[in-house]
Amino acid sequence: MHDSSLIIRAAIAADVQGICELVNDFAARHLMLPRTPQQVRHVLGDFLVIEDAGQVVGCGYLAYLRADLVEIRSLAVAADLHGHGVGGRLLERLVCAAQERGVHHVCALTLAPEFFLRHDFRRVDRWSISPKIWGECVYCPKFHACDEIAVLRELAD
């Protein structure tokens, strides 16, 4: 992998399997929620992927919680790319996409808050992003003992 060979782009149907494999690898380690191909196809238009030589090596998408609030979900980068700024580039592209859509707040629930804090997010009380609680969290096996940290970034107009 050379950094110059990495392409961040909108996901296409051919990426569904690669997205699922990447996300479900993290899910198997209890680091994020798993995704089925059907779930990924349902929100495919909101996914960005990082491609390296035709292979999905990173992904993430924006999920609307309210008109002015989106959540970054399924943000994952292949382990061999960790520590090279690749995830940060993808995160910033997702933030830019939110800003282009006129969204004023971007949040995430994460087990790696330091990553987000390095990108101008701040810790917030999870109840401040309450639509998330009723959206997907209720289906999580860790719902009653959640160890994720809520982070939020406010975007300029």
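Taken over region 91-130, the residue count meeting the criterion of being buried (at least 18 other Cβ atoms within 10 Å of the Cβ) and of a type in the set (Phe, Trp, Tyr) is 2.
Taking the criterion of being surrounded by 14 or more Cβ atoms within 10 Å (Cβ to Cβ) and of a type in the set (Gly, Ala, Ser), the residues of region 7-64 that qualify are Ala11, Gly18, Ala27, Gly58, Gly60, Ala63.
At least 2 residues being touching a residue at least 60 places away in the same chain (Cβ under 8 Å) and within 27 Å of Leu155 (Cβ to Cβ) is the threshold, and among the helices (runs of 4 or more DSSP H) wholly inside region 1-111 those reaching it are 86-100. Residues in region 112-123 that are within 20 Å of Phe47 (Cα to Cα) and outside any helix (DSSP H, G or I): His119 alone. Among the conditions (1) at pLDDT below 95; (2) surrounded by 15 or more Cβ atoms within 10 Å (Cβ to Cβ); (3) hydroxyl-bearing (Ser, Thr, Tyr), Ser4 misses just one, which is (2).
Please go through region 65-90 and pick out each residue that is modelled with pLDDT of 90 or more, within 30 Å of Trp127 (Cβ to Cβ) and crowded, with 17+ Cβ neighbours inside 10 Å. Within region 65-90, Leu69, Val70, Glu71, Ile72, Arg73, Ser74, Leu75, Ala76, Val77, Gly87, Leu90 meet the criteria.
The values are calculated or read from the model by the stated rules, or taken from the named source; none is laboratory data. Treat the numbers as computed from the prediction; the structure is a model and nothing was measured. Backbone-built Cβ (ideal geometry, glycine too); neighbour counts: all protein chains shown.
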